[in-house]
Amino acid sequence: MLVNAKEIIKSAYKNKQVIFHININNLEWTKQTLLAANIEKKPIILGVSPSAAKYFGGYSVCYSIVKSLIKELRIKIPVCLHLDHGSYDDCIKAIKAKFNSIMFDGSRLPFEKNLEISKKLIEICKKKNISIECEIGRIGGNEDGIVSDVSYTKLNEAKAFKEIGIDMLAVGIGNIHGEYPKDWKGLNFSLLSQLNDELKMPLVLHGGSGISDDDLKKCINLGISKININTELQIANAKAIEKFVKNNNIMDNKNYNPRNLYKLSNEAIYHKVREILTKF
Ligand code: 13P
């Protein structure tokens with residue numbers, strides 16, 4: 001069942017639980033993620049970045065794939081199809097393609113501009129019953145080739161975003177996309193705790209790959225209701241393909257057939273998603 005993120009996130013927040021957002025990168029990824037979530041009976045948010053949407057062939061291709069897989073594979077859990085880090089134009093494209101959740105990332109814009117565009121999108125989303133996530137402060141690291149420095153979420157700015165009616169807020173608390181460097185300073189839990197006390201609304205942690213389970217647990221207790229994971233699965237996928245290629249002669253037994261070539265990677269994604277979903 002395709003749902004927006006509002007209800008599942010609200011109830012996760014109320015019960016100090018978390019919904020995982022798994023970035024999908026192709027058909028195989030989407031299928032394995034859905035199967036894993038379904039067997040674990042956990043609601044799932046499928047995140048699609050603008051560049052992943054382009055790779056799929058467009059937003060409507062993603063929508064059709066997800067919708068058809070849910071039907072054909074008899075997926076029974078709530079599934080949310082969510083645009084990850086979209087500009088205003090990306091958000092409009094995703095909405096037109098029937099995504100039921102969007103993230104507007106105005107974190108590189110001046111605060112007032114970020115707020116103004118977010119307001120405009122909230123109006124559209126409310127009319128169409130679509131959930132919306134916005135970002136205050138900046139998540140550092142490298143996401144789809146866009147490199148950013150960390151900038152921490154400011155409480156007064158976050159409050160202004162709550163007032164305009166967003167459904168979930170992505171916070172910058174030292175988290176970064178991609179692999180964490182050896183000299184990483186860690187998460188700023190006192191900032192997260194302050195944001196949680198003042199905002200009392202579902203918060204989102206980007207850059208979930210590579211954070212210890214203990215730290216993730218602390219985050220969930222401090223209002224993080226959605227954790228985004230991409231890199232961890234990209235690494236599992238790449239390692240599985242590498243292993244297959246190293247251990248198999250491509251020309252033997254038709255190993256050049258993509259269904260052979262991707263076998264280990266499909267299994268790796270399936271097991272990794274199950275592992276992630278059953279962490280807490
Ligand atoms: P990672 O790639 O670090 O897991 O982050 C994913 C993410 O935050 C997507 O928005």
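The Cα atoms of region 100-139 cover 27, 19, 8 Å along the three principal axes, with the biggest extent listed first. Here is how the number arises for the chain: DSSP H runs of 4 or more residues each give -39500 (n - 2.57), the sum is divided by the residue count, and the result at 222 nm is -14500 deg cm²/dmol. Rounded to the nearest 5, the antiparallel percentage of DSSP beta bridges internal to region 124-197 is 40%. Quick one: Kirkwood hydrodynamic radius for region 61-190, alpha-carbon pairs, angstrom, one decimal? One decimal place: 15.9 Å for the Kirkwood radius. Its alpha carbons give region 1-125 an Rg and a Dmax of 14.6, 45 Å. Each listed q (0.09, 0.18 Å⁻¹) maps to a log10 I(q)/I(0) for region 132-280 from the Debye sum over equal C-alpha point scatterers, namely -0.37, -1.02.
Surface analysis of the chain yields an accessible area of 48 Å² per residue, using protein heavy atoms and a 1.4 Å probe. Annotation note: trypsin sites (Lys or Arg not before Pro) in region 26-79 located in DSSP loop regions with a Cβ neighbour count of at most 12 within 10 Å are Lys41, Arg74, Lys76. By accessible area, using a 1.4 Å probe on protein heavy atoms only, region 176-231 has 45% of its surface on carbon and sulfur.
Give me the compactness ratio for region 37-102, meaning the Cα radius of gyration over 2.2 N^0.38 Å.
Relative to the 2.2 N^0.38 Å estimate, region 37-102 comes out at 1.10.
Under the combined filter of DSSP loop state and at most 16 neighbouring Cβ atoms within 10 Å, region 134-195 retains these trypsin sites (Lys or Arg not before Pro): Lys154, Lys182, Lys185.
When the P(r) is computed for region 115-203, the part past 15 Å accounts for 61% of the Cα-Cα pairs. For the peptides 118-130, 90-102, residues were scored by their other Cβ atoms within 10 Å and the scores averaged per peptide; the highest-first order is 90-102, 118-130.
Using only the Cα atoms, what convex hull volume per residue in Å³ does region 3-75 have?
Spread over its residues, the Cα hull of region 3-75 gives 87 Å³ apiece.
In terms of packing, defined here as the mean over residues of other Cβ atoms within 10 angstrom, the peptides 104-116, 225-237 line up highest first as 225-237, 104-116. Extension gain, Arg108-Leu73: 0.36 nm per intervening residue step, less the Cα-Cα distance, totals 8.7 nm.
Accessible surface of region 22-120, 1.4 Å probe: 54 percent of it comes from carbon and sulfur atoms. Equivalent-ellipsoid semi-axes for the chain (Cα gyration tensor, √(5λ), whole Å, largest first): 31, 21, 18.
Roughly what angle does helix 189-199 make with the longest principal axis of the chain, taking Cα atoms, 0 to 90 degrees, to the nearest 10? Its long axis makes an angle of about 60 degrees.
Here the spin labels are modelled as points 7 Å beyond Cα on the Cα-Cβ line, and at Asn129 and Asn253 they lie 4.9 nm apart.
Selection among Ser64, Ile77, Thr33 by position relative to the dipole of region 20-88 gives Ile77 as farthest towards the positive end (Cβ unit charges, Cα centre).
The values are calculated or read from the model by the stated rules, or taken from the named source; none is laboratory data. Quick caveat: nothing in here was measured; it's all calculated off a predicted structure. When we count neighbours, we look across all protein chains shown, and the Cβ atoms used for this are built from the backbone with ideal geometry, even at glycine. In case anyone asks, the SASA skips ligands and DNA or RNA and just uses the protein heavy atoms, side chains included. Shrake-Rupley method; radii C 1.70, N 1.55, O 1.52, S 1.80 Å.
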